[in-house]
Amino acid sequence: MSKFKAFTSLLLTAVMSVTLLSACASNNGNEPAKSNESSNTSTNVTETNAVKTNEEPITLTYFLNAPGDNVPEHFKIADLITEKTGVTVKYERLVGEIEQKLGVMIAGGEYPDMIYPGDKAHMLIDAGALLPLEDLIEEHAPNLKKLYANYWERMKATDGHIYSLPNSVPTGQPNRAISPAFWIQKEVLKDAGYPKITTFDQYVDVLKNYVQKYPQIDGQDTIPFEILTYDWRLFTLTTAMQFLAGGPNDSRAMVNPETGELTFYQTDEKISKRYYEKLNEMWNEGLIDKEAFVMNYDQYLAKLSSGRVLGMHDQTWQFQDATAALKQQDKLDRMFAPLQLTFDESIKADYMDVPSINYGNGWSMSVDNKDPVRTIKFIDTLASDEMQILRSWGVKDEDYKVDENGRFIRTPEQRKWFESNENALGWDGKIMWFFPNASGTLPDGNNYWPGEQPEEIVANYTETDKKILEAYGVKTYPELFNPGNTKRKYFPIWSIELTEDLKIFDQKLNDLNKKYPPQMVVAKSKEQFNEYWDEYVTSVNKLDVKGWMDYHSAEVKKRQENW
């Protein structure tokens with residue numbers, strides 16, 4: 001699975017809080033983090049008047065492997081940060097294919113000061129384009145050193161250097177947040193009378209019944225099930241079955257947490273073939289969008305935003321813009337509720353991530369950085385609790401308030417302001433998230449992110465949400481999900497650094513997954529489906545599956561024993 005999946009689960013804003021759960025009064029089955037070992041402390045975390053820098057102004061360029069709205073030259077949080085640090089950041093967002101963009105950088109030998117390469121950091125490391133960070137942090141960045149203290153050795157690449165600083169470091173009381181799920185439009189649940197849905201077959205039946213009753217929504221054809229297959233986002237198709245089979249948000253293999261044994265499910269007839277066969281049936285019944293395998297990411301978001309998509313398998317961070325758009329259109333019943341589904345009721349679902357960080361995927365500094373020491377000091381300042389509060393909550397009394405119990409809250413007017421994509425652009429769920437940050441609770445118990453603050457979660461629930469949750473006997477959506485299995489110390493296996501040979505294996509398997517699974521889904525007959533499946537299995541088995549499995553088995557064993 002692409003390492004973007006761990007974004008995990010965590011690109012969260014107040015507009016997405018209908019799908020999230022904070023730790024609330026208990027940890028809901030999760031083990032607490034080790035005291036606050038990786039948490040920064042602050043004598044006054046609600047203040048935002050940091051001592052202004054005496055250094056000369058500097059502008060740093062930052063490339064983000066994340067398509068989206070262009071970042072304006074000035075926005076509130078950026079201007080406040082510049083005022084406090086003397087640093088202005090000029091952003092460039094991804095347009096087109098990331099491999100091509102990085103390939104052009106590497107071929108030209110010219111890089112921006114800072115890079116967020118996502119799961120393509122290995123391309124830049126191999127090209128010698130990234131600066132090692134460990135010495136800079138040791139000498140100049142005490143906040144970063146403390147934030148990553150529990151993960152310091154784990155973040156090192158095979159050459160012993162740290163090249164990337166991951167986002168969302170578990171700190172304090174861990175959060176429970178839904179990311180991967182099978183999603184269903186809330187109106188569909190309401191219309192069906194809030195049925196119990198635990199298996200994929202039951203889910204499909206509910207979608208089918210609704211589209212038969214309502215073949216159009218707002219004058220457009222209803223889309224029962226949507227699939228995103230554009231570029232690396234193909235994972236929504238090729239890894240969905242691991243959840244149905246009882247696995248977590250892992251990779252191409254499922255791990256038995258009791259024995260450490262791995263199962264390569266990509267060619268497993270009882271897992272992948274079973275899922276693709278069901279999708280093929282759905283396709284031939286007209287239950288899957290006919291443009292699913294030709295549309296791009298923006299078109300996918302546009303369809304979700306239209307309110308006519310009934311369901312899909314995806315991760316919260318990937319469609320949050322569509323959720324925000326639906327909310328802005330006041331199409332609250334057309335938003336999505338999460339479900340943990342399995343192939344059958346005998347399988348225990350395991351959707352919730354174990355608190356971890358996205359090793360090898362995060363903020364990096366290029367070899368062309370104009371002032372590495374000044375840059376790491378800037379990032380260190382951003383990693384302080386005071387600045388993290390500014391980045392995500394804003395300015396006290398302007399963007400949030402502190403009640404008599406010391407809890408951070410927003411007024412209805414403040415929440416409404418943040419519902420606008422334009423207003424929310426610069427905050428932690430949008431742009432400022434692409435700098436090192438913590439996930440969990442501050443030393444005073446407030447959450448680093450508004451979308452994880454219990455009070456904000458409850459405040460953002462609509463009447464529709466309340467009726468759904470009441471019908472299912474819970475107060476929050478994540479209560480519908482089993483807690484993450486803390487026996488999975490290795491989690492996740494997609495964060496395991498690959499050898500050069502395994503990178504080639506990975507790319508070749510990606511190429512096969514782009515070709516064959518879509519063909520299987522659109523097959524016109526059972527015979528044609530089986531032909532495509534057999535060709536797929538034969539092609540995959542020509543790769544070094546055993547080498548991939550042996551390597552990952554050894555790495556999982558190592559992590560389970562040492563982490």
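None of the figures in this text is laboratory data; all of them are computed from the coordinates on show. Since this is a predicted model, take the numbers as computed values, not measurements. Glycine also receives a Cβ, built like all others from the backbone with ideal geometry; neighbour counts cover every protein chain displayed.
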Just how far, in whole angstrom, is region 135-166 from region 189-237 if you go by their alpha carbon centroids? 44
Among residues other than ASP221 whose Cβ falls under 13 Å from its Cβ, what is the net charge (Lys/Arg +1, Asp/Glu -1)? -1
222 nm [θ] for the chain, helices only, -39500 (n - 2.57) per DSSP H run of 4+, per residue, to 500? -10000 deg cm²/dmol
Remind me, relative contact order of the chain in percent, using alpha carbon pairs under 8 angstrom and six or more residues apart? 27
Could you size up the charge dipole of the chain around its Cα centre, putting +1 on the beta carbon of Lys and Arg and -1 on that of Asp and Glu, and report it in debye to the nearest 20? 820
Sticking with the crude label model, points 7 Å out along Cα→Cβ, report the distance from ASN296 to GLU345 in nm, one decimal please. 4.6
For region 443-563: rounded, prolate or oblate by the Cα gyration tensor [a/c cutoff 1.5]: oblate
What list do you get for HIS74, HIS313 if you sort them by fewest beta carbons within 10 Å? HIS74, HIS313
Using only the Cα atoms of region 320-450, build the gyration tensor, take square roots of its eigenvalues as a ≥ b ≥ c, and label the shape rounded, prolate or oblate: rounded if a/c is under 1.5, else prolate if a/b is larger than b/c, else oblate. oblate
Can you list the residues of region 478-516 with backbone N under 19 Å from a point 7 Å past the Cα of ASP159, pointing along Cα to Cβ? 496-504
Taking the dipole of region 275-391 about the Cα centre (Lys, Arg +1; Asp, Glu -1; charges at Cβ), the one of LEU279, HIS313, ILE347 that reaches farthest to the positive side is HIS313
Calculate, in nm to one decimal, what HIS74 and GLU285 gain on full extension: separation in residues at 0.36 nm each, minus their alpha carbon distance. 70.9 nm
Per-pair calculated FRET efficiency, R0 = 30 Å: ASP205 and GLN328 via Cβ, rounded to 0.05: 0.40
What is the distance in Å between the Cα centroid of region 457-488 and that of region 375-410? 27
Placing +1 on the Cβ of each Lys and Arg and -1 on the Cβ of each Asp and Glu in the chain, which of PHE200, ASN256, GLN185 has its Cα farthest towards the positive end of the resulting dipole? PHE200
Can you work out the FRET efficiency for the pair ASP501 and GLN212, with r the C-beta to C-beta distance and R0 = 56 Å, to the nearest 0.05? 0.65
So, in nm, how far is label VAL95 from label THR462 when the simple model puts each one 7 Å beyond its Cα toward the Cβ? 3.4
As a quick test, which of the pairs LYS84/LYS430; LYS101/LYS515; LYS331/LYS475; LYS196/LYS401; LYS303/LYS508 have an alpha carbon distance above 32 angstrom in this structure? LYS196/LYS401
To make sure I understand, if each residue's beta carbon is the centre and we count other beta carbons within 10 Å, what order do TRP533, TRP563 fall in, fewest to most? TRP563, TRP533
Gain on full stretching of the segment that runs from LYS526 to GLU413 - 0.36 nm per residue minus C-alpha separation: 35.1 nm
Nearest 20 debye, what's the magnitude of the dipole of region 260-404 about its Cα centre given +1 on Lys and Arg Cβ and -1 on Asp and Glu Cβ? 360
Which of rounded, prolate or oblate describes region 107-187 when judged by the alpha-carbon gyration tensor and an a/c cut-off of 1.5? oblate
Sorted by chain and number, the residues with a modelled amide H under 5 Å from that of ILE223, at a separation of 5 or more or across chains, are VAL309, LEU310
Determine, from the Cβ-Cβ distance of GLU56 and THR486 and an R0 of 56 Å, the FRET efficiency 1/(1 + (r/R0)^6), rounded to the nearest 0.05. 0.70
Using modelled amide H (1.01 Å from N, peptide plane; none on Pro or chain starts), what sits under 5 Å from the amide H of ASP314, excluding residues fewer than 5 places away? ALA181, TRP183
Each residue of region 259-270 in order: what ³J(HN,Hα) in whole Hz does its phi give by Karplus 6.51 cos²θ - 1.76 cosθ + 1.60, θ = phi - 60°, with x for Gly and Pro? 10, x, 6, 9, 10, 7, 7, 4, 10, 7, 5, 7
Mind checking which aspartates and glutamates have their Cα closer than 13 Å to the Cα of LYS514? Skip sequence neighbours fewer than 8 apart in that chain. ASP231, ASP506
Burial ordering of MET155, MET335, fewest other beta-carbon atoms within 10 Å first: MET155, MET335
Cβ-placed point charges (K, R +1; D, E -1), dipole of region 152-285 about Cα centre in debye, nearest 20: 300
Relative contact order (%) - criterion: Cα under 8 Å, at least six apart; region: region 174-258: 17
Can you tell me how much longer the chain between LYS514 and LYS542 gets when fully stretched, taken as 0.36 nm per residue apart minus their C-alpha distance, in nm with one decimal? 8.4 nm
